[in-house]
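*Asks:* Have a look at this one.
The values are calculated or read from the model by the stated rules, or taken from the named source; none is laboratory data. Since we're looking at a predicted model, the values are computed, not measured. Here the Cβ positions follow ideal geometry from the backbone for every residue, glycine too, while neighbour counts run over all protein chains shown. Surface areas here come from the heavy atoms of the whole protein model, side chains and all, with no ligands, DNA or RNA. Shrake-Rupley method; radii C 1.70, N 1.55, O 1.52, S 1.80 Å.
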Amino acid sequence: MTYTQPELPYDADALAPVISQDTVDFHYGKHEKAYIDNLNRLIKDTEFEDMDLEDVIRTAKGPLFNNASQAWNHIFYFFSFTPQGSDEPKGELRKAIDRDFGSLDAFKKAFEDAGAGLFGSGWVWLSRDQDGKLLITQESNAGNPMTSGLTPLLTFDVWEHAYYLDYQNRRADALHRLWDIVDWEVIESRY
């Protein structure tokens, strides 16, 4: 199986000023392309060649895991956004956020704090466990909560290439601005 990079559902400049076209071009256009290319090279003629990408992530180790997970993580990340943004989560997801974090504002603060507090590069995730409880986790490097049996709902990328062109070293500012473009309908559909 050959993995392909999906086309974004919006133009490269559509997320500005939250994420600039330059960042989208470098981040999704170059970094993500490299992960997909490396994944296809590493998976060829291995036991993983015909697996779904999620199964590769759950079972692979080393460079194959890193490239598979980074390819998946970036697609998941970029497909969580919409140029219009959406005000708030609704329905069952909103009930779960209020239940597990107290309020949407409390959840956002905890999520931003987890992302800003992650040492080095990685991801901050909102996931649900098998009982429907919501959890915020920090994952270093290519980490993905699927490897712990969780279902990812939302992620913010805290690798420097995700924000440095637009925010330099102000990771917390970059994380805070991402709420303006989150597509809560997509996140709800993942719940």
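*Asks:* Would you mind getting the accessible area per residue of segment 1-141, heavy atoms of the protein chains only, 1.4 Å probe, in Å²?
*Replies:* 51
*Asks:* Okay, moving on. Determine the principal axes of the Cα atoms in segment 112-175, then give the extent along each, sorted from largest to smallest and rounded to whole angstroms.
*Replies:* Principal-axis extents of the Cα atoms in segment 112-175, largest first: 39, 18, 16 Å.
*Asks:* In cubic angstrom, how much convex hull volume per residue do the alpha carbon atoms of the chain span?
*Replies:* 108
*Asks:* Here's something else I'd like to know. Report the extension gain between Phe119 and Ser189 in nm, rounded to one decimal, defined as 0.36 nm multiplied by the number of residues separating them, less their alpha carbon distance.
*Replies:* Working: separation 70, 0.36 × 70 = 25.20 nm, distance 3.04 nm.
My answer for the length gained is 22.2 nm.
*Asks:* Leu154's amide H: which non-local residues (gap 5+, or another chain) put their own amide H closer than 5 Å, with H modeled 1.01 Å from N in plane and none for Pro or chain starts?
*Replies:* For Leu154, whose amide H was placed from the backbone, the distant partners under 5 Å are Leu126.
*Asks:* Hey, another quick one. For every helix of n ≥ 4 consecutive DSSP H residues, a contribution of -39,500 (n - 2.57) applies; sum these over the chain, divide by its total residues, and give [θ] at 222 nm rounded to the nearest 500 deg cm²/dmol.
*Replies:* -13000 deg cm²/dmol
*Asks:* Working out 0.36 nm times the residue gap between Gln168 and Ala16, then minus their Cα-Cα distance, what length gain in nm do you get to one decimal?
*Replies:* Taking 0.36 nm per residue and subtracting the Cα distance, the gain is 53.1 nm.
*Asks:* Let me ask another. For segment 48-100 and segment 151-184, compute the distance between their C-alpha centroids and round to whole Å.
*Replies:* Cα centres, segment 48-100 to segment 151-184: 14 Å.
*Asks:* I would also like to ask the following. What number comes out for the charge environment of His27, summing +1 per Lys or Arg and -1 per Asp or Glu over other residues with Cβ under 13 Å away?
*Replies:* Working: positive: Lys30, Lys33; negative: Asp22, Asp25, Glu32, Asp157, Glu160, Asp166.
Once all neighbours under 13 Å are counted, the net charge is -4.
*Asks:* May I pose another question? Mind checking which of Asn38, Asn169, Asn67 has the largest fluctuation in a GNM of the chain, springs on alpha carbons under 10 Å?
*Replies:* Per the Cα network of the chain with a 10 Å cutoff, Asn169 tops the list.
*Asks:* Once phi is turned into θ = phi - 60°, what whole-Hz ³J(HN,Hα) does the Karplus curve with 6.51, -1.76 and 1.60 give for every residue of segment 41-57, x standing for Gly and Pro?
*Replies:* Along segment 41-57, the couplings run 5, 6, 8, 4, 6, 10, 5, 8, 4, 9, 7, 5, 4, 4, 6, 4, 4 Hz.
*Asks:* Which ³J(HN,Hα) values, rounded to whole Hz and listed in residue order, are derived for segment 186-191 from phi using the Karplus coefficients 6.51, -1.76 and 1.60 in 6.51 cos²θ - 1.76 cosθ + 1.60 with θ = phi - 60°, glycine and proline given as x?
*Replies:* Values per residue, Gly and Pro as x: 5, 5, 4, 5, 7, 6 Hz.
*Asks:* Could you check how much of the accessible area of segment 1-110 is carbon and sulfur, as a whole percent, using a 1.4 Å probe? If you can, show how the numbers build up before the last one.
*Replies:* Values: 2870 of 5790 Å².
Of all accessible area on segment 1-110, carbon and sulfur atoms account for 50 percent.
*Asks:* Which GluC sites (Glu not before Pro) in segment 12-49 sit in a loop by DSSP (not H, G, I, E or B) and have at most 16 other Cβ atoms within 10 Å of their own Cβ? Don't jump to the answer; show the numbers that get you there.
*Replies:* Numbers: sites: Glu32, Glu47, Glu49; in loops: Glu47, Glu49.
When the GluC sites (Glu not before Pro) of segment 12-49 are filtered for loop state and at most 16 Cβ neighbours within 10 Å, Glu47, Glu49 remain.
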